[in-house]
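Chemist: The structure is given below, and queries will be raised subsequently.
Just so it is clear, none of the values below were taken in a lab; they were calculated from the coordinates. Computed from a predicted model, the values in this text were never measured in an experiment. Cβ sites come from the backbone with ideal geometry, for glycine too, and all protein chains shown count toward neighbours.
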Amino acid sequence: MTIDRRNFPGTLAMLAMALLAACVNSSSTKTDTVTADSLAAESSIAAKSPPNFILIFTDDQRWDAIGYKNPMVVTPNMNELAASGIRFDQAIVTTAVCSPSRATLLTGRYASANGVLNVDESFLNEDEICVSERLRDAGYETSYFGKWHLKRPATPEQCGFDRALYFEGIESYFDTNLIQNGEPVSTSGYLEMNMAGEISDYLREQARSDHGGKPFFIHYSPLAPHMDRNFAWPNTEETRRTYESLDPPIPNTWDSNLEGKPGYLATSRSRRRAIEVYGYEDPEAVRQHFRDYYGAVTDLDKAVGQILDTLEQTGLDRNTYVIFMGDNGWLMGEYKMTSKLLAYEASIRVPLIIAGPQIDDGQISGALVTNADITPTLLDLAGLPVPVVIHGSSLKPLMKDGVREWRSSVLYEAPSSQHEVNPIRSLRTHDWKYIQTHELGNLGKVIFEELYDLSQDPDETTNLAEEQALRDIKVLLRRELDNEVIRTSE
Ligand SMILES: [Ca+2]
């Protein structure tokens, strides 16, 4: 790639303005301004108060593993949900691995502040408050279904959920062992369809009884499309047949060398597993993984469809928001790598859809949004104040057409070494990504920098960090990253 130096000063000026706007906006979230703004917009988005919520947080679903982005993936129900509300095409998770992403979802706060830095030491700091606790305290009936992946709180019930049907960490797609009321429960058949059945039963019961006027908050955390405990994506027979003749393209970067990337990646776990265990030197192995993975998304889509059908049949859809998001992406052969955590697009970008009362159909937002925004969005839609300790911002102001002031950059962090990935910090704007690789076990000591012009290089192939003409851009991005690290560290 070449740099067009004639356009460079203009590009830099635009970037500086965007970053300045970001600084102004991010500092404003320190106060209750976001809530005040939202109240000002009350006339445009106002459900009957208080609304119900269903939060679906899928596992390892890449941003492009959904039908509206990739027609090869059969997801009629997820597509319909997007068509009936707003989808966010630039949704990023603040840490791309299960437990930290979930802790940030539940608290609205970055891993560095909430204490859940990695999957092995997933202890939420004692003084953190989950959105489920906040909603329950405000009068909501709170239910949890699916994967639980925190060691503290050790159970959904300890995190403010009145009831839970769940499993810890990883399980099987079929004939799954679950926990209910502290007791083991055996199930038969496909996990997600069983969960959809349980949630549908709950919804029908809600429709029959007003539960003392209590609104409900359902958090459904599917295992799909995460690999199962055997590192596979077992599909239902019908779905397997759907994909058996598919010939999916492999990533553009599959055969690229790692020039411009941190040297350790060449022998890292992500690459060793991909090549030695999954056979990614053979493109057919990557294609088969795509078939199985897309199949897992399609099977999940049927479960999501059942929940949405029940919502509609019961009439509860008129006062229920559905929020659908992925917890992190998944490298599927990019640079012959697998897994997540790295700051590249396939790892950090996820689908995000919100549908519900008075959200206009078919909206597509390009705003930079994160999993830290979900807790403040839930609180805001419930008419509750958004505490200043929350790092994310309510998405409510974005749910109506029209220009809104919004952040122009997002901090990504993987602050703790895990899965042989060095600590990482990154700043993502609409057009640029700046990545710092820190010394192993030594967050704070930058040993490698990357800079990508996403507008020209969406596959992140050409590291521009040493490009002299872009030095000022790198400095601006680094300064904004440092500001965001400070803002989100406590
Ligand atoms: Ca995950």
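Chemist: Could you work out how far apart the two model spin labels at Arg404 and Asn252 are, taking each label as a point 7 Å from the Cα in the direction of the beta carbon, and quote it in nm?
Modeler: Modelled inter-label distance: 3.1 nm.
Chemist: How much net charge surrounds Thr75 when only other residues with a Cβ under 14 Å from its Cβ are counted (Lys, Arg +1; Asp, Glu -1)?
Modeler: With Lys, Arg at +1 and Asp, Glu at -1, the net is -1.
Chemist: Are there chymotrypsin sites (Phe, Trp or Tyr not before Pro) in region 148-239 that DSSP marks as loop and that have at most 14 other Cβ atoms within 10 Å, and which are they?
Modeler: Here the chymotrypsin sites (Phe, Trp or Tyr not before Pro) that fit, given the DSSP loop and packing criteria, are Phe231.
Chemist: Please compute, for the alpha-carbon atoms of region 276-364, the extent along each of the three principal axes and give them in descending order in Å.
Modeler: 51, 25, 19
Chemist: Looking at Val74, Ser122, Ile447, which one has the Cα that reaches farthest to the positive end of the dipole of the chain (charges on Cβ: Lys, Arg +1; Asp, Glu -1)?
Modeler: Ile447
Chemist: On to the next question. Can you list the DSSP H helices in the chain whose Cα atoms extend at least 15 Å along the helix axis and whose mean Kyte-Doolittle hydropathy is -1.0 or higher?
Modeler: For the chain, where a helix must reach 15 Å along its axis and average at least -1.0, the hits are 8-28, 191-208, 283-314, 471-487.
Chemist: Take the Cα radius of gyration of region 254-302 and divide it by 2.2 N^0.38 Å, with N its residue count; two decimals is plenty.
Modeler: Details: Rg = 13.7 Å, N = 49, 2.2 N^0.38 = 9.7 Å.
Its radius of gyration relative to the 2.2 N^0.38 Å reference: 1.42.
Chemist: Can you give me the distance in nm between label points at Asp120 and Phe174, each placed 7 Å from the Cα along the Cα-to-Cβ direction?
Modeler: 3.4
Chemist: So, one more: Provide the net charge surrounding Asp327, with neighbours chosen by a C-beta distance below 10 Å and charges set as Lys +1, Arg +1, Asp -1, Glu -1.
Modeler: Overall, the nearby charge balance is +1.
Chemist: Please arrange His419, His149 by how many other C-beta atoms lie within 10 Å of their C-beta, fewest to most.
Modeler: Details: His419 17, His149 23.
So the residues, fewest neighbours to most, are His419, His149.
Chemist: Take Thr314, Thr142 and order them by how many other Cβ atoms sit within 10 Å, fewest up front.
Modeler: Thr314, Thr142
Chemist: Moving on to the next point. May I ask you to compute the full-extension gain from Gln313 to Glu276, defined as 0.36 nm times their residue separation minus their alpha-carbon distance, rounded to one decimal in nm? Write down the numbers at each step before the final one.
Modeler: Numbers: separation 37, 0.36 × 37 = 13.32 nm, distance 4.90 nm.
Here the answer is 8.4 nm.
Chemist: Taking 35 Å as R0, compute the FRET efficiency from the Cβ-Cβ separation of Asp431 and Asp201 and round it to 0.05.
Modeler: Between Asp431 and Asp201 the formula returns 0.15.
Chemist: Now for a different question. Based on the mean of other beta carbon atoms within 10 Å per residue, what is the order of 376-384, 79-87, 391-399, most packed first?
Modeler: 391-399, 376-384, 79-87
Chemist: Could you sort out which of Lys261/Lys433; Lys151/Lys396; Lys261/Lys474; Lys69/Lys400; Lys69/Lys433; Lys340/Lys445 sit more than 24 Å apart by Cα distance in this structure?
Modeler: Long pairs (Cα-Cα over 24 Å): Lys151/Lys396.
Chemist: Further question: Could you check the simple spin-label distance between Asp210 and Asn442, using points 7 Å along Cα→Cβ, in nm with one decimal?
Modeler: 6.4
Chemist: Rounded to whole Å and sorted largest first, list the principal axis extents of the Cα atoms in the chain.
Modeler: Answer, in whole Å and largest first: 67, 52, 41 Å.
Chemist: Out of the DSSP beta bridges found with both residues in region 51-407, what percent are antiparallel (nearest 5)?
Modeler: 35
Chemist: Mind checking the full-extension length gain between Glu467 and Glu490? Use 0.36 nm per residue of separation minus the Cα-Cα distance, one decimal, nm.
Modeler: Values: separation 23, 0.36 × 23 = 8.28 nm, distance 3.40 nm.
Separation in residues times 0.36 nm, less the Cα-Cα distance, equals 4.9 nm.
Chemist: Continuing with this model, one more query. Please give the net charge around Asn194, taking every other residue with its beta carbon less than 14 angstrom from that of Asn194, where Lys and Arg add +1 and Asp and Glu add -1.
Modeler: Cβ neighbours under 14 Å give a net charge of -4.
Chemist: Sort Lys302, Lys336, Lys445 so that the residue with the fewest other Cβ atoms within 10 Å of its own Cβ comes first and the one with the most comes last.
Modeler: Details: Lys302 19, Lys336 25, Lys445 12.
Fewest to most other Cβ atoms nearby, the residues stand as Lys445, Lys302, Lys336.
Chemist: So, one more: Tell me the Kirkwood hydrodynamic radius of region 162-228 in angstroms, computed as one over the mean inverse distance between distinct C-alpha pairs.
Modeler: Answer for region 162-228: a Kirkwood hydrodynamic radius of 13.1 Å.
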